[in-house]
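*Asks:* Let me give you the structure first, and then I'll get to my questions.
The values are calculated or read from the model by the stated rules, or taken from the named source; none is laboratory data. The model shown is predicted, which means the values in this text are computed figures rather than measured ones. For neighbour counting, all protein chains shown are included, and Cβ atoms are generated from backbone atoms with ideal geometry for every residue, glycine included.
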Amino acid sequence: MTASIPERRKDYLNTFTLQKPEKWDKIIVVDTSDIYFLERQCGFNLDAIIEIFDHHPWYEQFWQEKIGEKAHIEEIGAAATLITQYIMEHHVFEKISTSIKELLACAIISNSVNFTAKISKPIDKEIYEKILENLHKDPQEFSEKYFKEVDDNYFSYPEYFLKNDTKFLDMWGKKGKISQIEMSENKIFIDKYLDKIESILDGEEDFSFLITSSARNQETYFVSFCPTTKAMLEHILWSSFVWNILQYDGIMLRKEIIKKMLKHKVWLTT
Ligand SMILES: [Mn+2]
């Protein structure tokens, strides 16, 4: 559960429990299509997956060949946009509760970093506004309140949320982990919790860093304590670390830096 889900909405989600799938279960996946993650980290049998809604690039072709039109993989701001669009088209939207509608709206502004992420598309905003219209709420007010709640959450439980959004990767045999936080006051957060960030990034991995973007300030920071990771990021981003922090103008998300890293295969395989 991420910090991007405000407390009062968590109460609702906490009524669900997660279960390991049985071998006869059919699985619908949302927000990832990463074969490595699904197989090894989730322990899923890929043949059990019957439908996917995702906005991360890289495995489109694999899923296209495997499940055809049931693979809804598009590079847009949020997977929640795809879901909302789908349930609106299938006339299910009117039947879902207000809290679910609000969660979908939160997921869209969170994932697209309030529509400022490069992968964000006009459709994200369009769908978000449709939800808010249905809820009779002001889109601007709703998002401001939401981002304030997110920051409060991060400052209340920094370690928990840092750990919670850490992704483990395997890129051509190099193991790594990338933590991500999206919050308005990201620079203040980094300065305040640098030691906590260091302990979370510490480990056996070949590369590790934190990426954090702020929709309000339109700035992204990379934090790393690993010299080879820093060299790689400096090479990819054409920018330098000052001690353990690299400042990047504009919004960059983890999935975008991963895509850039994949293009720099040379670094990763030497
Ligand atoms: Mn997502």
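*Asks:* Could you list all residues from the range 157-171 that are within 16 Å of the chain's Cα centre (by Cα), charged (D, E, K, R) and part of a helix (DSSP H, G or I)?
*Replies:* Within the range 157-171, just Lys163 meets the criteria.
*Asks:* Pick from Asp249, Asp202: which is over 21 Å from Ser120 (Cβ atoms), free of Cβ contacts under 8 Å to residues at least 60 places away in the same chain, loosely packed, with under 15 Cβ neighbours inside 10 Å and within 22 Å of the chain's Cα centre (by Cα)?
*Replies:* Asp202
*Asks:* Pick out, from the range 51-156, the helices (runs of 4 or more DSSP H) lying fully within it that include 3 or more residues that are under 22 Å from the mean Cα position of the chain (by Cα), among the small types (Gly, Ala, Ser) and within 16 Å of the ligand (Cβ to nearest atom).
*Replies:* 98-111
*Asks:* Restricting to the range 167-208, give me the number of residues that are within 22 Å of Asn153 (Cβ to Cβ) and in contact with a Ser or Thr (Cβ under 8 Å, 6 or more places away or on another chain).
*Replies:* Here the count works out to 17.
*Asks:* Which condition number in (1) in contact with a Ser or Thr (Cβ under 9 Å, 6 or more places away or on another chain); (2) within 16 Å of the ligand (Cβ to nearest atom) is the one that Lys259 fails?
*Replies:* The one condition Lys259 does not meet is (1).
*Asks:* When the residues of the range 172-189 are narrowed to those that are crowded, with 18+ Cβ neighbours inside 10 Å and hydrophobic (A, V, I, L, M, F, W, C), which ends up nearest to the chain's Cα centre (by Cα)?
*Replies:* In this case the residue turns out to be Ile181.
*Asks:* Just one of Ile188, Ile181, Ile236 is touching a strand residue (DSSP E or B) at 6+ places or on another chain (Cβ under 7 Å) and assigned by TED's automatic domain parsing to the domain that holds His264; which is it?
*Replies:* When all the criteria are applied, what remains is Ile181.
*Asks:* What is the residue count in the range 205-238 for residues that are more than 21 Å from the chain's Cα centre (by Cα), of a type in the set (Phe, Trp, Tyr) and closer than 29 Å to Asn114 by Cβ?
*Replies:* Matching residues across the range 205-238 total 1.
*Asks:* Residue by residue through the range 171-209, note down the ones that are in contact with a helix residue (DSSP H, G or I) (Cβ under 6 Å, 6 or more places away or on another chain), of a type in the set (D, E, K, R) and over 18 Å from Ile236 (Cβ atoms).
*Replies:* Glu185, Lys196
*Asks:* Take Gly43 and tell me if it is over 12 Å from Ser33 (Cα atoms), outside any helix (DSSP H, G or I) and more than 19 Å from the chain's Cα centre (by Cα).
*Replies:* yes
*Asks:* Could you please find all residues in the range 167-191 being of a type in the set (D, E, K, R), without any contact (Cβ under 8 Å) to a residue 40 or more places away in the chain and under 22 Å from Tyr146 (Cβ atoms)?
*Replies:* Glu185, Lys187
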